[in-house]
Amino acid sequence: MEHLFLVFIALPLIVGGGVFVGALLLARIMPGDGKPAAAAAAPAHGPEYVRLTAKRKAGFRTGIVVMLGLAALTIVEFFLAALGSVALMFVIIILKAALIMVFFMHIANVWRTEEAH
């Protein structure tokens, strides 16, 4: 049981955390602020900048909450596998897939009109 814990919970959390921290560090050291060159001439601070900064922070918080939810569901899935509950594992898998599609793949945008994008 200890080896299963290391392989299926501890190792993915360590590797995932390393990838996450690496992505954060890379985002911090990348030059520029992510705006196109034409928008670079705009003032650095103003109402639009504040609105976009708040939107980015809210998106980042949502991503963190979804990542923690996926980690919690993975831990639950691991213990359900140890108990041999296949039906409940499928429910957890569907919940995880739904979280990924809604928050990371933006599946709701598929049904929006072109003007709503």
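Bear in mind these aren't lab numbers, they're just calculated from the coordinates by the rules spelled out. Since the structure is predicted, the reported quantities are computational estimates derived from the model, not experimental observations. Note that we place each Cβ from the backbone using ideal geometry, even for glycine, and neighbour counts take in every protein chain shown.
Numerical summary
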{"item": "Met101 versus Val76: modelled label distance in nm, points set 7 Å from Cα along the beta carbon direction", "result": "1.8 nm"}
{"item": "Semi-axis lengths (Å, descending) of the ellipsoid that matches the C-alpha gyration tensor of region 45-108", "result": "35, 12, 4"}
{"item": "Two-site label geometry, Leu4 and Val66: point separation in nm, points 7 Å out along Cα→Cβ", "result": "3.0 nm"}
{"item": "Dipole-positive endmost among Ile93, Gly59, Phe104 within region 45-108 (Cβ charges, Cα centre)", "result": "Gly59"}
{"item": "Spin-label model distance (nm) - Leu83 vs Leu24, 7 Å beyond Cα toward Cβ", "result": "3.3 nm"}
